[in-house]
Amino acid sequence: MHYTGPVIRPPHEANSILLEVTVGCTHNGCRFCTFYHDTPYRIAPRNQIVNDLEEAKLNNPNATRIYAVGGDPFTLRTAKLVDMAQLIRQYFPDINIGMYARVDSMYNKSVADLKQLKKEGINDLLIGIESGDDNVLTQMEKGYTSQDIVRECKKLELAGIAYRVIFLGGLAGKGNGERNARNTAAILNQLHPSHMYMTSVAVQPESLLYQDVLAGRFVEASEYERIEETLLLIQQLKNPLVLLGQSVANPVNFIARLPEDYEALVSMLEKTLTQFTQRDENALRTYREGLINI
């Protein structure tokens, strides 16, 4: 199998065949992200994909899931994605195909296009919306607005394509978690993703956000604030949703299905906040670092 640069895949794709379809990210400008800084975007050569499919078929002939590797393979034109899916299904006729998708990768795809992609086996996309707050989206240079998120995800829903989203806690910075939670919930309450990964921003020295921290343009939210933000977001959510708060960057760790697990989850988060009423940042950080990733 051929891989260029970092191979990033979500936890639920752990048993999937990882197939390099694109390399890097078309945007590559989010201020917090360092995944693809040294990996220029390009499309994997067709002969490479064929060779990798032959190898995958040899080693895992009964696979039911392929994950297309790359920062946003869904940015490819509909015709290109259809061709890729049909090529994959020559080797795996009953395969389901997942991938990362940026919000703007859907701009050039109609609902009819999306329905065609669903028919070809492309389903269960992962979208890093990170936030539904326009101030945060602008500051982090995500490249789209909250209303873009709503419009494009509704197209997926009309086409019958399932999708998951990522929420990145702490991204609004110190003192802004409540606003971010409320605005993000307002966006999510208009949509119906199947799952949401809830993680927390970790400022990496190689990131543009780190330079913002050094310059005083961004002040990190405390551990306590991040738990408050998580709790408030969950309290505001109205639609059924599976929450996956399993990241080691999280100050708390949980898996919950809403609305069934709502009371237990809220109680756990409130208990955690009560346990650290003195807002001892060191104690909370020690608590988080001692958590076992579920």
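A short reminder: the numbers here are calculations on the coordinates, not readings from a lab. Please read these numbers as outputs of a predicted model, since none were measured by experiment. Every residue, glycine among them, receives a Cβ derived from its backbone with ideal geometry; neighbour counts consider all protein chains shown.
Close amide H partners of VAL21, meaning residues 5 or more places away or on another chain with modelled amide H under 5 Å apart, are VAL69. Each principal axis of the Cα atoms in segment 187-258 has its own extent, and those three values, largest first, are 41, 24, 21 angstrom.
Checking Cβ-Cβ separations below 4.7 Å across the chain identifies CYS25, CYS153 as cysteines lacking any candidate disulfide partner. Report summary: the helix-based calculation at 222 nm, which adds -39500 (n - 2.57) for every DSSP H run with n ≥ 4 and divides by the residues of the chain, gives -12000 deg cm²/dmol. Could you please report the charge total around LEU208, scoring K, R as +1 and D, E as -1 over all other residues with beta-carbon less than 13 angstrom from its beta-carbon? Taking every Cβ under 13 Å from that of LEU208, the sum is 0. Partners of LYS271 within straight-line reach, counting aspartates and glutamates whose Cα lies under 17 Å from its Cα and excluding those fewer than 8 residues away in the same chain: GLU223, GLU225, GLU228, GLU229, ASP261, GLU263, ASP280, GLU281. At q = 0.12, 0.14 Å⁻¹, what log₁₀ I(q)/I(0) does a Debye calculation on the Cα points of segment 90-199 give, no solvent, two decimals? Results for segment 90-199 at q = 0.12, 0.14 Å⁻¹ read -0.42, -0.56. Kirkwood radius, segment 219-270, all distinct C-alpha pairs, inverse of mean reciprocal distance: 11.5 Å. Using every pair of separate Cα atoms, the Kirkwood estimate puts the hydrodynamic radius of the chain at 20.0 angstrom. Straight-line cross-link reach from LYS80 at under 30 Å between alpha-carbon atoms covers these lysines, not counting any fewer than eight positions away in the same chain: LYS57, LYS109, LYS115, LYS118, LYS119, LYS142, LYS154, LYS155. Size descriptors for segment 1-123 (Cα atoms only): Rg and Dmax, in that order, 13.9, 41 Å.
Restricted to Cα atoms, segment 125-294 shows a radius of gyration and a Dmax of 15.7, 49 angstrom. As a rough footprinting exposure proxy, the listed residues TYR67, TYR91 were ranked by other beta carbons within 10 Å of their own, and the order from fewest upward is TYR91, TYR67. State log₁₀ I(q)/I(0) for segment 4-60 at q = 0.12, 0.13, 0.20 Å⁻¹ as given by the Debye formula over alpha-carbon point scatterers of equal weight, solvent excluded. Values, matching the q order: -0.35, -0.41, -0.85.
Pairs of alpha-carbon atoms within less than 8 angstrom and 6+ residues apart define the contacts here; what relative contact order does segment 125-294 have, in percent? It comes to 21 percent, rounded to a whole number.
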